[in-house]
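What follows is one structure encoded as C-alpha cells, with my remarks underneath.
Where a number appears in this text, it was derived from the coordinates with a stated rule and is not lab data. Keep in mind that what you see is a predicted model, and the values were worked out from it rather than measured. All Cβ positions, glycine included, derive from the backbone under ideal geometry; neighbour counts span all protein chains shown.
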Amino acid sequence: MGATSKTIQLFAFLLISLSSVHLAHGNNFSAQFEIAWGDSEHAKVSEDGSVLSLTLDQSSGARLQSHDMYQYGRLDMLIKLVPHNSQGTVTTFYPSSDGSDQDEIDFEFLGNYADKEYVLHTNVWTRGTGHREQQFRLWFDPRTDFHNYSILWNPFNIIWYVDDTPVRVFRNYTAEGIQYPYLPMRTLVSIWNGDSWATDNGKTKIDYSQAPFTSWYANYTESACMVTNSTDNGSGSGWSPDCGTNPWFDRTLSSEEMNNLTWVHDNYMIANYCTDAYLSPNGFPPECYLS
C-alpha cells in the first residue's frame, strides 16, 4: 500500500471515530440559508420553503449561503435554469470556504441564446487558486425541468454528478504535493452577471430587455461532517468536525461509474484544463499526469 493510501485511510479513521454524520433535508430554504448578496426581491422562497428562485436584472442578482459549515460531505440540489435567452448570466451551486484564500468546488451554468445549449462549467479552488476548469454540454435541456446536481467531497476524491451520472472526478494527491480542498465550507447558490467571460468568452453580453432572468432550486440535501467551530478556518486546532460512517465518506467511482464518466467525457466534454493549453498557459498541472 502506497503512502497516499495509508495517509488517507488514517485520516478517514480519525474523522470517523469522532461522532455521527449530520443530515439536513431540503424542505425549507428559509431555515437553511441566508442572503449573502442581493435582497428578498431577487431571492424568493415559496410559502412552504421548498422552492427557491433567484433572479437577475439590471439592479441586482442574488447569492445565498448555508448556515451550516462542514468538512466533507455529499450535497444534492434540484435546479431548473433560466428558460429563455440567458446569455451572459451565470447560475451556480457550490461549496466554498470563508475568506479570500478559499477552497471551492464549482457547478456553474453559463447562459446562452434560447436556441443554443447551456454550458456546464466546473472548477476546483484550493487556497484561493483555481484554473482547473472542465466544461460540458448536457445531454438534456436543463431549462425545461428540474435535474439533480450533486457534489461528493471526501478525503479520497471529489465527484460531480448530474442525475447520478458522474461527469468529473478530482482525486486527492496531497502526498504528491498537490493541493486538495480541506477547509470547512458552506453551500452557496447564486445568479449573477458573468458576461465578461461566460458566453463566447465574453463576446456576448447580457440582453437586459430579456430580464428578469430566473433560476429555481429545490430539495437541497446535505449529508456532511459538520464543523462546530471554525475560528481558525480549518487549520486543525479551532474546530471539530462531526463525522460518521456514511457510505459517501470513502466513496470512489465504481467500474460502472468509470464507464459512465468515460461516456460523458467522450461525448459531452468541450474543455479540459488537462488537455487544452489555453486553460493552462503555464503548462498542465501535475495531477493531469496522475489521473
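What are the residues whose amide H is under 5 Å from the amide H of VAL119, where those residues sit 5 or more places off or on another chain and H is modelled from the backbone?
LEU110
If R₀ is 41 angstrom, what is the calculated FRET efficiency for the pair ASP266 and ALA211, using the beta carbon separation as r and rounding to 0.05?
0.65
I'd like the Karplus ³J(HN,Hα) series for the range 186-196: coefficients 6.51, -1.76, 1.60, θ = phi - 60°, whole numbers in Hz, and an x wherever there's a Gly or Pro.
Per residue, the Karplus-derived 3J(HN,Hα) values read 10, 8, 10, 9, 7, 9, 7, 7, x, 6, 6 Hz.
Using Cα centres only, tell me the gap between the range 109-134 and the range 50-108 in whole Å.
12 Å
Calculate the dipole size of the range 15-289 relative to its Cα centre from +1 charges on Lys and Arg beta carbons and -1 charges on Asp and Glu beta carbons; express the result in debye to the nearest 20.
About 240 debye.
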